[in-house]
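A short write-up of the structure that comes next.
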Protein chains: 2
Amino acid sequence: MPKKISEIGEWGLIDRIRKDLKTTRFVQKGAGDDAAVITIPGSSKRLLYTTDMLVEDVHFTKDHSPKAIGHKAIACSMSDVAAMGGLPKYAVVSIGISGDVEMPFVNQLYAGMNEIAVKFGTCIVGGDTVKSRKLIINVTLLGEAKESEIVYRSGARKDDVIFVTGLLGRSYQSGHHLKFIPRVMESQYIVGKFKPTSMIDISDGLGSDLSHIMKESGVGAVVYEDKIPRNRKATVHQALTDGEDYELLFTLPADRAKRVKNQMRAKFFFGEIGKIIDKKEGFVLLDKNGQPRTLKVEGFNHF
Amino acid sequence: MPKKISEIGEWGLIDRIRKDLKTTRFVQKGAGDDAAVITIPGSSKRLLYTTDMLVEDVHFTKDHSPKAIGHKAIACSMSDVAAMGGLPKYAVVSIGISGDVEMPFVNQLYAGMNEIAVKFGTCIVGGDTVKSRKLIINVTLLGEAKESEIVYRSGARKDDVIFVTGLLGRSYQSGHHLKFIPRVMESQYIVGKFKPTSMIDISDGLGSDLSHIMKESGVGAVVYEDKIPRNRKATVHQALTDGEDYELLFTLPADRAKRVKNQMRAKFFFGEIGKIIDKKEGFVLLDKNGQPRTLKVEGFNHF
């Protein structure tokens, strides 16, 4: 019996798709990080390349404002570029939309996209418009970074300290997922001053996204429950599993971590939440009494 | 009363969206051609950047084979890159899909994409997977071209001869829209040997896509009905308005056009169908007796 997508889950689906993808030597990193990394002969910059699809009733509903929906659609791709250490530059936007939608809705949708885009020097350079009963927005974003600035999920090493850039949990309930500012400035600051060993943006949930770093880096991690910066009303479980926080999660060797703690609290918030341990120790969550707790780290699964 | 998208139509919608887009000096061409053109400092190549969304029951149905759907999804973006004179290189693919879909369907969908992609040296380097009741596929494609090879819609001049690369009409009925080979080789040949003054791929229909060249170039056009190469059973009207042919439509000054006709029939098919005239003469369609006919050139409108 052939298996359904719902049986193998989102990660099984992605793994299956990745298995058949072949890339050329100009692809420095293909599928499997926040963005692909492409080399352009003659240029010292690398291209960062990412795409995100948002579908009505999955990522937003008709009750949300079109401006907020537009904001979210492009901001989550900007967050991916930031998570690689790059600057977002050029977007193409496809929308699937019903003919019954009124033009002011469309204008607001693009106003939301343009407003956050220009803030970070990003421009929309093209797109596609098709008919669809439910609203669909797909944003593809090209970013740029120097080779030396690019941060992958795969560089975390034992004893590295784990940081997050902001408060986690209840993003959907609080509306944060529609108005977050992608951590482009924080990323530039961290990358320029401290060169993180690994980085990812928290879209699926801290537990799930940390497990991506663990898997790609071949390490384990310990997280101190009471150190996780949480949004108002968010439980520890919500901070670990809700997703759509769009904060950056990154790791630094102990010496560089100390410098972050000493110098930077004034400019940006970087919360230390744990450290990298041996792969064989897996994912350890410690409560405020130092007692280990188990967490199902699967995180958000669409299917 | 605010207007609905269905009232202003696809072109009205696109014009409205374009009005608010701001670009930087690195964007050599933004929205309004088959692909955007981006300059990368240090590189002699330009990036061509295009995106296409396909939605179930609009561009294909559940009755079509997943392999054919995958083929179409990426081939239509490859056709856009070819229409600019470039080579398709790097794709990112988003799919919206139901959890009830079985994995062999997904495997075949990507097999269809990979098969046509590798034929032209294109690779899939990333993507997104989300839940959706109806199948949605969004392909974004990056291509490359030397600055001197890029062909826009805007360069057609009076007395240029108009060519198409293949037979038109009944693409949907005949299944051509699911199995066409993007005209990458033809484009390379034309661009390398003859430097067309304008080019576009026929996705909305000959009448509509020629009108894009007319509009962007500020010219008129005369087309000889009986010279339009038509598919079996296709009427002149179908050849002019059906769309999804994915042939290239291009223009050449008379002297270069003569060279095409003399030298190339053996290698590729290039059908001469008319010529560029003054803007004030508009779009003239001549029947086999030389009598003018009128054509509503709006072409395919999704909404």
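Quick rundown of the values:
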item: Within segment B:91-111: backbone nitrogen closer than 12 Å to the A:GLU7 label point (7 Å, Cα to C-beta); result: B:100-104
item: Ranking by accessible area, most exposed first, for A:MET78, A:MET185 with a 1.4 Å probe; result: A:MET185, A:MET78
item: 5 angstrom amide H check on A:VAL58, placed H, neighbours 5+ away; result: none
item: Angle in degrees between helix A:206-217 and the longest Cα principal axis of chain A, rounded to the nearest 10; result: 70 degrees
item: Choice from A:ILE228, A:ILE97, A:ILE124 showing the highest fluctuation, given a GNM over chain A with Cα pairs closer than 10 Å; result: A:ILE97
item: Stretch gain in nm, segment B:GLN28-B:MET185, where the contour uses 0.36 nm per residue and the Cα spacing is subtracted; result: 54.1 nm
item: Average Cα contact separation per residue, chain A, under 8 Å, 6 or more apart, as relative contact order %; result: 20 percent
item: Pair B:PHE268, A:ALA254: separation of 7 Å Cα→Cβ label points (nm); result: 6.4 nm
item: Distant-in-sequence amide H partners of B:GLU144 (H built 1.01 Å from N, under 5 Å); result: B:LEU48, B:LEU87, B:LYS89
item: Trypsin sites (Lys or Arg not before Pro) restricted to segment A:162-241 and DSSP loop, no more than 10 other C-beta within 10 Å; result: A:ARG232, A:LYS233
item: 18 Å tail of the calculated P(r), segment B:1-76, as % of Cα pairs; result: 61 percent
item: Sequence-separation-based contact order of segment B:128-201, relative, with Cα cut under 8 Å and 6+ spacing, percent; result: 54 percent
item: Other-chain or far-sequence residues with amide H under 5 Å of A:GLN28's (modelled H); result: A:VAL37, A:ILE38, A:THR39
item: Cα-based helix-to-principal-axis angle, A:5-19 vs chain A, degrees rounded to 10; result: 90 degrees
item: Across the identical copies, how the A:MET185 labels are spaced - nm, sorted shortest first, 7 Å along Cα→Cβ; result: 5.4
item: Residue mean of other protein chain beta carbons inside 10 Å, B:136-146; result: 5
item: Rounded to the nearest 10 Å², the accessible area of A:PHE60 at probe 1.4 Å; result: 0 Å²
item: Cut-off 11 Å between beta-carbons: net charge of the residues surrounding B:ALA82, Lys and Arg +1, Asp and Glu -1; result: -4
item: Semi-axes of the equivalent ellipsoid for the protein assembly as shown, Cα gyration tensor, largest first, Å; result: 47, 23, 22
item: Note, ³J(HN,Hα) from phi for segment B:226-233, Karplus 6.51, -1.76, 1.60, rounded to Hz, x at Gly and Pro; result: 6, 8, 5, x, 10, 5, 3, 6
item: Per-residue ³J(HN,Hα) for segment A:37-47, Karplus 6.51 cos²θ - 1.76 cosθ + 1.60, θ = phi - 60°, Hz, x for Gly and Pro; result: 10, 10, 8, 10, x, x, 9, 7, 8, 9, 8
item: Tilt relative to chain B, helix B:66-83 - C-alpha long axis, 0 to 90 degrees, to 10; result: 40 degrees
item: Label-point separation in nm, B:VAL284 to B:ARG157, each point 7 Å along Cα→Cβ; result: 2.1 nm
item: Estimated buried accessible area (total), pair A and B, 1.4 Å, Å² to nearest 100; result: 6000 Å²
item: Where B:THR129, A:THR241, A:THR235 fall by accessible area, highest first, once all protein chains stay in place (1.4 Å); result: A:THR235, A:THR241, B:THR129
item: Relative contact order, percent, segment A:1-119 [alpha-carbon distance under 8 Å, six or more residues apart]; result: 21 percent
item: FRET efficiency, A:LYS146 to B:ILE14 (Cβ-Cβ, R0 30 Å, nearest 0.05); result: 0.25
item: Shortest-first distances to equivalent copies, position B:HIS64, nm, label 7 Å out along Cβ; result: 2.9
item: Shortest-first nm distances, B:GLN108 label point to equivalent points in other copies (7 Å, Cα→Cβ); result: 4.2
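The values are calculated or read from the model by the stated rules, or taken from the named source; none is laboratory data. Keep in mind the model is a prediction, meaning the values are calculated, not measured. When we count neighbours, we look across all protein chains shown, and the Cβ atoms used for this are built from the backbone with ideal geometry, even at glycine. These area figures cover heavy atoms from the full protein model, side chains too; ligands, DNA and RNA do not enter into them. Shrake-Rupley method; radii C 1.70, N 1.55, O 1.52, S 1.80 Å.
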